[in-house]
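**Student:** I have a structure I would like to understand better, so I am pasting it below and will then ask my questions one at a time.
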Amino acid sequence: MVHADASNFASDLSKEEVYRQVLEQAEGLLIDQRNWVCNLSNVASLLWHAYHSLPSPSNKVNWAGFYTLDPLSPTTRLILGPFQGKVACQTIAFAPVARGVCGTAAATGETQLVPDVEAFPGHIACDGDSRSEIVVPIKAGGGRVVAIIDVDCAVVDGFDETDREWLEKLAGLLGEGCDWP
Ligand code: SME
């Protein structure tokens, strides 16, 4: 049964253990539920509470959520999806010219781990508080990018290879486990 307890993380877990719990909870939530709005909303909650259960820098995460293909222009533009954090940019172009970290991840199909957003050409400052960022593409069948996971942190070097590894696993689960428009 879906329950708010899924967002509770013990305060003494390692980052890897916290991500393992996120994956396990997400797997459970996706059983018998393939609606992408529903699933991305619950996973945004899991991520937000997971990061905030950890020590710095993870607990300095100030935005965690998703952009999906914009149905009005699915070959050129992302649109804001479910998230936790402050109000964010509504659309982001990824073709013919990719904009920002999110647009680059969507255009290349590759994870973008950005230790310092001020050093990333074209970074889109939705929130001036964000200092580092990781963006992971979500691919449906056939490798088609259908969405991205975006997590921002208010300090530099907020993310490392552990974040990449587990967010890529999460992206794999979501890509397979949701019906995408
Ligand atoms: N900083 C992102 C834009 C999205 S917000 O961070 C939520 C980028 O450069 O693509």
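Taken together, the values in this text are just the output of simple stated rules run on the coordinates, not laboratory data. Here the structure is a predicted model, which means the values were calculated and not measured. For neighbour counting, all protein chains shown are included, and Cβ atoms are generated from backbone atoms with ideal geometry for every residue, glycine included.
**Student:** Please report the spacing between the Cα centers of the range 134-162 and the range 64-129 in Å, no decimals.
**Tutor:** If you average the Cα positions of each part, the centres end up 10 Å apart.
**Student:** Below 8 Å between Cα atoms, with a sequence gap of 6+, how large is the relative contact order for the range 1-59 in percent?
**Tutor:** For the range 1-59, the relative contact order is 46 percent.
**Student:** Now a separate question. Considering only G85, G103, G128, give the residue with the highest GNM mean-square fluctuation for the chain, with springs between Cα atoms whenever their separation is below 10 Å.
**Tutor:** Highest fluctuation among the options: G128.
**Student:** Right, something else. Given that compact globular proteins tend to follow 2.2 N^0.38 Å, what is the ratio of the alpha-carbon Rg of the chain to that value?
**Tutor:** 0.95
**Student:** Also, quick follow-up: From Cα pairs below 8 angstrom and at least 6 apart in sequence, can you work out the relative contact order of the chain, rounded to a whole percent?
**Tutor:** Relative contact order for the chain comes out at 22 percent.
**Student:** What does the charge dipole of the chain about its Cα centre add up to, to the nearest 20 debye, if the Cβ of each Lys and Arg holds +1 and the Cβ of each Asp and Glu holds -1?
**Tutor:** Charge dipole of the chain: 560 debye, to the nearest 20.
**Student:** While we're looking at this one, here's another question. Is it possible to state the helix-based mean residue ellipticity at 222 nm for the chain, with each DSSP H run of 4+ residues giving -39500 (n - 2.57), the sum divided by total residues, to the nearest 500 deg cm²/dmol? What is it?
**Tutor:** My calculation for the chain gives -10500 deg cm²/dmol from helical runs alone.
**Student:** Which lysines have a Cα less than 20 Å from the Cα of K86, not counting those fewer than 8 places away in the same chain?
**Tutor:** K60
**Student:** Straight-line reach from K139: which lysines have a Cα under 21 Å away, not including same-chain ones fewer than 8 places off?
**Tutor:** Partners within reach: K169.
**Student:** When 1/r is averaged over all different Cα pairs and the result inverted, which Kirkwood radius in Å belongs to the range 111-181?
**Tutor:** 12.8
**Student:** Starting from the Cα gyration tensor of the range 27-88, take the square roots of the eigenvalues, sort them a ≥ b ≥ c, and report rounded, prolate or oblate (rounded when a/c is under 1.5, otherwise prolate if a/b is larger than b/c, else oblate). All intermediate terms of the calculation are to be shown ahead of the outcome.
**Tutor:** Values: a/c = 3.22, a/b = 1.36, b/c = 2.37.
Note, shape of the range 27-88 comes out oblate.
**Student:** For the range 111-181, give the magnitude of the charge dipole about the Cα centre (Cβ charges: +1 Lys/Arg, -1 Asp/Glu; no others), in debye to the nearest 20.
**Tutor:** Computed about the Cα centre, the dipole is about 380 debye.
**Student:** Something else now. In whole Hz, with x marking every Gly and Pro, tabulate ³J(HN,Hα) for the range 151-159 from phi via Karplus 6.51 cos²θ - 1.76 cosθ + 1.60, θ = phi - 60°.
**Tutor:** With coefficients 6.51, -1.76 and 1.60, one gets 10, 10, 10, 7, 10, 5, 6, x, 10 Hz.
**Student:** Semi-axes, largest first, in whole Å: what does sqrt of 5 times each Cα gyration tensor eigenvalue give for the range 70-138? Write out the running numbers ahead of the final one.
**Tutor:** Values: eigenvalues 68, 43, 23 Å².
Listed largest to smallest, the semi-axes of the range 70-138 are 18, 15, 11 Å.
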